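The values are calculated or read from the model by the stated rules, or taken from the named source; none is laboratory data. All values reported here derive from a predicted model rather than from experimental measurement. Methodologically, a virtual Cβ is constructed for each residue, glycine included, from the backbone with ideal geometry; neighbour enumeration extends over all protein chains shown.
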Amino acid sequence: MAEQRDETKAIRIQSDRTHEKEHSTPMYLTSSFVFDDAEEMRTTFAAEREGNIYSRFTNPNVKEFVDKMVALEGVEAGYATATGMAAVFASIAALLKTGDHILVCRSIFGSSHTVFTKILPKWGITHTYVSIDDQDSWESAVEENSKMLFIETPSNPAVDLVDMEKAGKLAKKHGLIFNVDNCFSTPAIQKPVEFSADIIIHSATKYLDGQGRVMGGVVLGRKDLIDEVYTFCRSTGPAISPFNAWVLSKSLETLYLRMERHSENALKLAKYLEAHPGVEIVKYPFLLSHPQYEIAQKQMKSGGGIVSFKIKGELKDGVDFLNNLKMCSLTANLGDTRTIVSHPASTTHAKLTEDERLSVGITPNLLRISVGLENIIDIIADIDQAIIAK
Ligand SMILES: Cc1ncc(COP(=O)(O)O)c(C=O)c1O
């Protein structure tokens with residue numbers, strides 16, 4: 001049979017059926033697995049044969065979720081973690097050591113920023129922030145001990161883009177591990193491996209679940225690198241719960257459909273906001289006015305579900321807008337079926353200094369919308385009345 005399309009793989013990749021011949025994969029809520037005899041136990045522990053030992057190491061539900069993500073991202077191997085931040089940390093801590101240096105694109109999620117600035121320096125792993133606006137300058141930041149290039153595209157929350165082709169070439173030239181946080185796009189929209197990514201990480205809490213239910217993360221990439229991640233995680237313990245992995249594997253069955261509708265709704269909302277007199281500026285990768293529209297066309301199939309915009313006025317206008325919303329949720333998550341509006345300066349990026357926030361475009365009047373799957377007429381109606389009433 002010809003190789004299946006990704007949409008089909010997201011649905012059809014499945015663990016082996018049990019003797020019950022169930023259609024849908026059952027949950028394997030067990031901490032450990034039994035052996036028929038001492039020799040089977042010895043050889044499994046010694047990795048002389050394949051087999052589950054303990055759910056901190058492997059579990060059938062986790063394996064199914066990881067197998068799907070490996071296939072969808074087009075990589076060799078993966079390891080699932082309890083959260084996206086565990087995936088971010090494991091992808092660095094497992095692969096780098098004291099004295100190593102990382103090039104980090106400055107436009108990243110707030111907690112990742114804390115990892116680079118407060119946690120990794122404790123172990124002597126240093127970083128240099130490079131600007132998303134000037135990718136040509138990145139090479140001058142490479143040092144003799146640079147080992148990794150870490151990026152997020154589109155970035156959270158400003159929806160800026162990194163040219164992955166250019167970044168991948170730079171990483172190759174200097175032997176850097178190219179690590180891409182693909183949380184905002186998912187493999188349904190872009191595949192970093194096509195641009196030489198060595199490691200791809202996800203917060204599965206976002207679009208991979210897509211319904212705001214469970215936390216999760218996954219580190220994917222080259223087998224030799226993922227072997228290191230596995231060894232690190234097996235002993236340090238950031239494993240995902242089998243229940244969460246079961247939910248996530250089910251969620252992936254609808255990923256491609258959901259991402260299509262998220263993108264369709266987001267583009268309609270972005271166009272609407274662009275024409276609104278109460279709005280200063282809108283950023284969305286598939287709007288012609290996005291400064292990196294050409295890059296979006298090159299590496300993304302659609303614009304994704306996140307729109308950022310600046311409301312006309314000051315901080316108070318942004319706060320009034322949020323308080324006026326009647327349907328959209330004020331919550332920390334993104335990538336849900338339900339439209340979510342957040343104010344990055346006072347929430348996800350509050351730990352950055354004001355200068356740091358401004359350097360990545362987070363002004364007090366910046367708002368981030370994770371556009372959901374409700375009827376777009378209802379989404380626009382709620383946002384419209386909230387702008388008008390402010
Ligand atoms: C781009 C990005 N990476 C990583 C994370 C962290 O994921 P989690 O909350 O699952 O730990 C987030 C969370 O918002 C994110 O937006």
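A Cβ distance below 9 Å, combined with a sequence gap of six or more or placement on separate chains, defines the contacts here; from region 207-221, residues that are outside any strand (DSSP E or B) reach residues that are modelled with pLDDT under 95 and more than 10 Å from the ligand (Cβ to nearest atom) in the pairs Gly212/Thr331.
Does Leu225 fit the bill of being buried (at least 24 other Cβ atoms within 10 Å of the Cβ) and outside any loop (DSSP other than H, G, I, E, B)? No. Scanning region 127-147 for residues that are at pLDDT 95 or above, crowded, with 16+ Cβ neighbours inside 10 Å and either closer than 17 Å to Glu165 by Cβ or among the β-branched types (Val, Ile, Thr) (or both) gives Thr128, Val130, Gln135, Trp138, Val142. Count of region 197-222 residues, restricted to those that are surrounded by fewer than 24 Cβ atoms within 10 Å (Cβ to Cβ) and either assigned by TED's automatic domain parsing to the domain that holds Gly335 or among the polar types (S, T, N, Q) (or both), is 1.
Applying the criterion of at least 1 residues that are within 16 Å of the ligand (Cβ to nearest atom) and touching a helix residue (DSSP H, G or I) at 6+ places or on another chain (Cβ under 7 Å) to the helices (runs of 4 or more DSSP H) found wholly in region 30-123 leaves 60-73, 84-93, 110-114.
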